[in-house]
C-alpha cells in the first residue's frame, strides 16, 4: 500500500483505482486500495464495514482480495454474499522477511533484466501469473496492461532473471518498494529445471541485490500448502513475520 501511495501520489491517472480511508476524529485509522486487487490495511470492524459498503457501491473492479489475514477474511465475510463464491480462498499464507544476505551462495547468472529482453521474459511472467492465480493476466478487457506492468518493472530495475539461450530459467520481481521494505513476487523456475537448486541460489541473489539497491528488509508471502517454495525460502534464510490471506474472485 505504501508503495502505491508514494509512487502515484494518489493521482487516479496512475493509481488504477481508488484508495478508501477510514478517518475518526481527524485520524486516519485504516486504508483500502480498490483496483485490480482489493487490499485492506487495518482490521477494525467499523473500518471493514465502511470499506465493504464503499466497494459494493462502486462495483467490483478487483479480481482478488489480499493482505493481512484478519483484514482480508473480515472484509470477505462482508462481501461474500454479493461477490461470492470465491474461486479460491487461501488463508494462512506465511509472510516471510530477511534483513541480511543469505548464507547460500548467490547465482551470478541472475541479473537485472534489460528492456530489450521484454519479449524473452514476458512469457515467463504470464506463465507464473497463470499458474499462481488460475487465470491468464491477458484475460479481460485490457490485455496490454500486464505487459506494460512487466515493462515498467524492467525499466525500474526491479525484475531479475537467469536467461540462457533465450530461455528464462529463473525470475523474480521486486513488486513493491518503500524506504522500509521491499516485497518480492512472481518467483518463477522453468518446469524442466525445478528441483535443481535454481530457486535457492536465485533467491539468494535477489535478496542480496534488493538489500543493496532498494531497502533494508526483503519480504514475500507464500501459499501455506506450497511446501517446495517454503523449503526454498527457509534454506535462503527467510523467517516468518506475519500472515496474509488471499481471496481469488
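The values are calculated or read from the model by the stated rules, or taken from the named source; none is laboratory data. These numbers were taken from a predicted model, which means no experiment stands behind them. Here Cβ is always computed from backbone atoms with ideal geometry, including for glycine, and neighbour counts include all displayed protein chains.
Couple of notes before you dig in:
- Where helices (runs of 4 or more DSSP H) fall entirely within segment 1-109, those with at least 1 residues that are at pLDDT 95 or above and under 23 Å from the mean Cα position of the chain (by Cα) are at 45-58, 69-83.
- Residues of segment 139-169 classified as touching a strand residue (DSSP E or B) at 6+ places or on another chain (Cβ under 9 Å) and surrounded by 16 or more Cβ atoms within 10 Å (Cβ to Cβ), total: 11
- Residue within segment 141-153 that is in the same structural domain as residue 171 (by TED's automatic domain parsing), in a loop (DSSP other than H, G, I, E, B) and at pLDDT below 95 present: yes
- Test result for residue 232, at pLDDT 95 or above, in a helix (DSSP H, G or I) and either within 16 Å of the chain's Cα centre (by Cα) or surrounded by fewer than 19 Cβ atoms within 10 Å (Cβ to Cβ) (or both): no
- Exclusive hit being within 25 Å of residue 146 (Cα to Cα) and not assigned by TED's automatic domain parsing to the domain that holds residue 226, set 80, 60: 60
- Failed item in (1) surrounded by fewer than 17 Cβ atoms within 10 Å (Cβ to Cβ); (2) more than 18 Å from residue 98 (Cβ to Cβ); (3) touching a strand residue (DSSP E or B) at 6+ places or on another chain (Cβ under 8 Å), with residue 239 passing the rest: (2)
- Scanning segment 212-229 for residues that are in a helix (DSSP H, G or I) and touching a strand residue (DSSP E or B) at 6+ places or on another chain (Cβ under 8 Å) returns a single hit, 229.
- Yes/no for residue 42 being touching a helix residue (DSSP H, G or I) at 6+ places or on another chain (Cβ under 7 Å), buried (at least 16 other Cβ atoms within 10 Å of the Cβ) and on the phi > 0 side of the Ramachandran plot: yes
- Scan of segment 119-138 for residues that are surrounded by 12 or more Cβ atoms within 10 Å (Cβ to Cβ) and either farther than 13 Å from residue 173 by Cα or modelled with pLDDT under 90 (or both), ordered by number: 120, 127, 130, 132, 133, 135, 136, 137, 138
- Number of residues in segment 154-205 that are under 15 Å from residue 230 (Cα atoms) and in a strand (DSSP E or B) equals 6.
- Residue in segment 205-214 that is more than 20 Å from residue 178 (Cβ to Cβ) and touching a helix residue (DSSP H, G or I) at 6+ places or on another chain (Cβ under 9 Å) present: no
- Qualifying position, being under 21 Å from residue 241 (Cβ atoms), surrounded by fewer than 16 Cβ atoms within 10 Å (Cβ to Cβ) and at pLDDT 95 or above, among 208, 213, 172, 180: 180
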